[in-house]
1. Consider the range 78-89. How many of its residues are touching a residue at least 40 places away in the same chain (Cβ under 8 Å) and in contact with a Leu (Cβ under 8 Å, 6 or more places away or on another chain)?
2. Here are the criteria: (1) over 37 Å from the mean Cα position of the chain (by Cα); (2) in contact (Cβ under 8 Å) with a residue 24 or more places away in the chain. Tell me which single one Ala152 does not satisfy.
3. Quick one: what pairs do we get from the range 106-129, first residue in contact (Cβ under 8 Å) with a residue 24 or more places away in the chain and more than 16 Å from Ala79 (Cβ to Cβ), second β-branched (Val, Ile, Thr) and open to solvent by 40 Å² or more (accessible area, probe 1.4 Å), C-beta under 9 Å, 6+ apart or different chains?
4. Does any residue of the range 218-232 turn out to be modelled with pLDDT of 80 or more, in a helix (DSSP H, G or I) and within 30 Å of Val289 (Cβ to Cβ)?
5. Of the residues in the range 153-177, how many are open to solvent by 60 Å² or more (accessible area, probe 1.4 Å), among the small types (Gly, Ala, Ser) and outside any loop (DSSP other than H, G, I, E, B)?
6. When you scan the range 1-112 for helices (runs of 4 or more DSSP H) that lie fully inside it, which ones turn up with 2 or more residues that are modelled with pLDDT of 80 or more?
7. Among the candidates Ala198, Ala284, single out the residue that is in a helix (DSSP H, G or I), surrounded by fewer than 18 Cβ atoms within 10 Å (Cβ to Cβ) and either under 28 Å from the mean Cα position of the chain (by Cα) or at pLDDT 80 or above (or both).
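The values are calculated or read from the model by the stated rules, or taken from the named source; none is laboratory data. Keep in mind it's a predicted model, so treat the numbers as computed, not measured. Cβ coordinates were reconstructed from backbone atoms using ideal geometry, including for glycine residues, and neighbour counts include every protein chain displayed. Accessible surface areas use protein heavy atoms only, side chains included; no ligands, DNA or RNA. Shrake-Rupley method; radii C 1.70, N 1.55, O 1.52, S 1.80 Å.
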Amino acid sequence: MSTDLAPIAADPLGAAHPQVPVAGRPAEPGATGPSGRGRFGVLYGAIWLVYLSYPLTSAWSAEPGWRRVVSLLSTVLFAAVFVAALVARRRTRGHPARVPTVWWWATLAVELLLVVGMGLAADESALTGLVFMAVTAVFVLPGRSALVVVAALVLLGEAVPRLLTGWDSIDSIGVQIVLASAAIFGFTQLMSRNVELARARGELADLAVARERERIARDVHDLLGHSLTVITVKAELAGRLLEVDRARAAQEVADVEALARGALADVRATVAGFRAIGLAGELASARAVLTAAGLEVSTPTAVDAVPESLRTLFAWVVREGVTNVLRHADARRCEITVDARAVVVADDGHGPSGRPQAAAQAVPGSGLVGLRERAAAAGASVQVGRSALGGFELRVQVP
């Protein structure tokens with residue numbers, strides 16, 4: 001008797017259509033895979049139970065008696081156990097630890113016992129069940145354990161017909177077991193790679209979200225920190241001028257309003273990802289705000305020597321440096337120098353050993369942290385220390 005079970009390897013568990021979760025979101029139970037058929041994987045696996053018609057027919061054709069009844073019942077129960085194993089394995093896909101390995105060994109033991117029951121009346125046709133057992137073993141057991149089981153099933157399938165009187169050997173039953181096992185192993189590896197790919201895709205999506213959040217937090221901090229500092233300086237100046245020069249005070253109040261509106265627009269642009277600042281504009285803004293705060297200011301009049309690729313970074317350095325001078329330095333003079341490879345903001349205030357400045361450096365997530373990230377992305381280094389003026393110096397330099 002020749003039983004060709006090669007088709008069982010084609011799509012025994014619907015493995016060609018694994019459930020792939022969307023990046024950044026866990027897959028829903030029973031979700032449909034990319035082909036739209038993932039939820040019917042168990043049904044596809046059960047279709048191949050049609051090959052159990054061989055032992056079922058043989059048992060039905062046997063002489064009436066208890067052997068025939070046991071063989072028929074064993075065949076039906078074998079199909080039920082096989083489908084139950086598929087359902088259990090599918091529900092624990094990606095979480096195999098939910099089912100102890102001992103349960104899978106028990107499932108194989110029950111299947112083997114049912115194959116013995118099938119053989120009472122079906123004779124050698126019952127060996128068809130060994131192919132299904134190999135499929136179960138490869139699908140539910142670790143690699144080495146599954147290999148041992150498959151080897152044992154091959155030996156069993158080839159030896160039993162030759163040892164039992166009246167049984168005919170099934171042509172190439174061992175080869176069919178090996179082919180089915182190899183096909184299932186290939187599909188399980190494909191499923192594993194798909195799961196790993198989906199997880200990697202989800203991790204990349206989460207990483208992209210985290211980076212975008214960091215970008216927004218950093219930009220909002222830098223934008224609002226500078227703008228609110230300037231607003232504070234101008235509001236204080238307006239308060240002092242209120243009784244002396246009302247026209248000048250009104251102009252400062254108008255500037256505060258314009259700055260507040262500009263800060264709001266900058267925050268919106270930053271969240272949208274379109275925020276960009278210019279070095280020349282930041283130098284002009286620094287000169288104006290430092291002068292308004294009563295400091296003596298020295299800034300370059302041109303930025304032509306700075307490469308275009310570094311101007312945005314240098315603009316952020318000027319903004320952060322000026323913000324720190326206004327907030328912490330208590331300085332009377334500030335010098336900003338810019339060349340093709342470096343930008344320096346120096347003052348004559350407290351210096352790096354002063355308590356206000358040291359406190360500013362110790363605050364996690366401060367502007368200098370974000371500045372270091374920007375500089376690192378451009379291949380530049382951030383240096384802080386005492387300036388030639390006796391205060392604090394912020395230097396960003398490209399090698």
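1. 5
2. (2)
3. Listed pairs, sorted by first residue: Leu120/Val70; Ala121/Val69; Ala121/Val70.
4. Here is the first cut: in the range 218-232, the residues modelled with pLDDT of 80 or more are 231-232.
From what's left, in a helix (DSSP H, G or I): 231-232.
Narrowing the set further to residues that are within 30 Å of Val289 (Cβ to Cβ) leaves 231-232.
Yes: the range 218-232 contains one or more residues that are modelled with pLDDT of 80 or more, in a helix (DSSP H, G or I) and within 30 Å of Val289 (Cβ to Cβ).
5. The number of residues fulfilling the criteria is 0.
6. 53-61, 66-91
7. Values: Ala198 fails: surrounded by fewer than 18 Cβ atoms within 10 Å (Cβ to Cβ).
Unique residue meeting the criteria: Ala284.
Every residue, every condition in (1) among the charged types (D, E, K, R); (2) closer than 15 Å to Ile184 by Cβ; (3) modelled with pLDDT of 80 or more; (4) touching a strand residue (DSSP E or B) at 6+ places or on another chain (Cβ under 9 Å), yes or no:
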| residue | (1), (2), (3), (4) |
| --- | --- |
| Glu124 | yes, no, yes, no |
| Thr128 | no, no, yes, no |
| Met133 | no, yes, yes, no |
| Ala152 | no, no, yes, no |
| Val160 | no, no, yes, no |
